[in-house]
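Since the structure comes first, as structure tokens, the remarks are kept for the end.
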Amino acid sequence: MQRSPQEARPESRTPPSAPSTTPTPAWAAADGSEAAEPIGGLQEYYYELCMEKSQEIKPFILHILQEVDEEIEQGLAGITLNVAGNCHLMPVERVTGEDFWILCRILKNNPYINGLDVRYNLIGDVGASCATELLQKQHNLIYLNLMFNDIGPEGGELIAKALHKNTTLKHLRMTGNKIENKGGMFFAAVLQINSSLEKLDLGDCDLGMQSVIAFATVLTQNQTIKGLNLNRPILYGEQAYSDLIHMGRLKSDNTDVEPFVVDGHVYLAEVSNGLKRHYYWTPGYGEACSPSSNAGLTLVPVGQYL
């Protein structure tokens, strides 16, 4: 009799009957041939869901789920399901949004897995929607890695909104997903509400100045966050620096620009290539302990020493 998907879930630890033949290892079907039907636990549930939804069965995912099933059989807990798309140890076919939907289904309410790593795949905004549901229903998930997955501003918004009610996730990595300023603003807003997230990685996400300032503002109130990566934002032109200096959030002596005021408006000049392009830096023996990035240097006219 064919087992139902519910019976194949990992919560039911009843061992399956022994197969008449040894099943073909999942990775052996990487050449495109049909993989043998797996048995037991997450493997079987994945297989049945793929058949039900007419979704391609990916040998790489089967192999990973086989390893997790073995860890569960050994009584291990706190497992991270690693389906990273940049694995070089075996043939890998990137996970799509549809694949990710199935993964989220088999992880739902799973008590053994509290981490999911799907970096360098192609889940896109479709997968972001699935991640939203996972964050809302998987109450023991503490680590989620979605780095470089073609998630855009809409997907970023969905994930950020899911964190409004999530109370378990501690580490979220979104590096390389171009959520832009719009997505960044939603993540900044969630840090005003969420009290469980400790590490947030939004590097190389094309954040704009508005969202960077928003993060700087909310961090004065958030007492939970321990690590925040906002590297490589897109800060357009001198206006970005001008706004920060005008607001008092950035000290001019910690930049390579110098502000000047014309008709009440703050403008900037690069100290070595702007209004003072005929000057250059020379040792000035300033205070060694000064926090200024220009401490110990003095601007002098080019003709003074050359």
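The values are calculated or read from the model by the stated rules, or taken from the named source; none is laboratory data. Everything quoted here is computed from the prediction, not taken from an experiment. Positions of Cβ are generated from backbone atoms using ideal geometry, with glycine treated the same way; all protein chains shown enter the neighbour counts.
Quick notes
- All helices (runs of 4 or more DSSP H) inside segment 165-251 with 2 or more residues being modelled with pLDDT of 95 or more and under 17 Å from Thr132 (Cβ atoms): 180-190
- Residue count, segment 143-164 (criterion: in a loop (DSSP other than H, G, I, E, B) and under 18 Å from Phe100 (Cα atoms)): 7
- Any hit, segment 120-141, residues being in a loop (DSSP other than H, G, I, E, B) and among the basic types (Lys, Arg): no
- Restricting Asp117, Asp150, Asp125 to residues that are over 13 Å from the mean Cα position of the chain (by Cα) and of a type in the set (Asp, Glu) narrows the list to Asp125.
- Single residue of segment 75-85 satisfying the filter (modelled with pLDDT under 95 and farther than 22 Å from Gly97 by Cα) that is surrounded by the fewest Cβ atoms within 10 Å (Cβ to Cβ): Gly75
- Residue in segment 89-97 that is touching a helix residue (DSSP H, G or I) at 6+ places or on another chain (Cβ under 7 Å), more than 20 Å from Cys50 (Cβ to Cβ) and either assigned to a helix (DSSP H, G or I) or not acidic (Asp, Glu) (or both) present: no
- Some residue of segment 124-136 being crowded, with 17+ Cβ neighbours inside 10 Å, modelled with pLDDT of 95 or more and under 18 Å from Gly203 (Cβ atoms): yes
- Remark: pairs (first residue in segment 215-228, surrounded by fewer than 17 Cβ atoms within 10 Å (Cβ to Cβ); second residue among the basic types (Lys, Arg); Cβ separation under 7 Å; 6+ apart in sequence or on different chains) = Ala216/Arg249; Lys226/Lys199; Gly227/Lys199.
- Residue within segment 33-50 that is at pLDDT 90 or above, surrounded by fewer than 16 Cβ atoms within 10 Å (Cβ to Cβ), within 19 Å of Arg105 (Cβ to Cβ) and of a type in the set (S, T, N, Q) present: no
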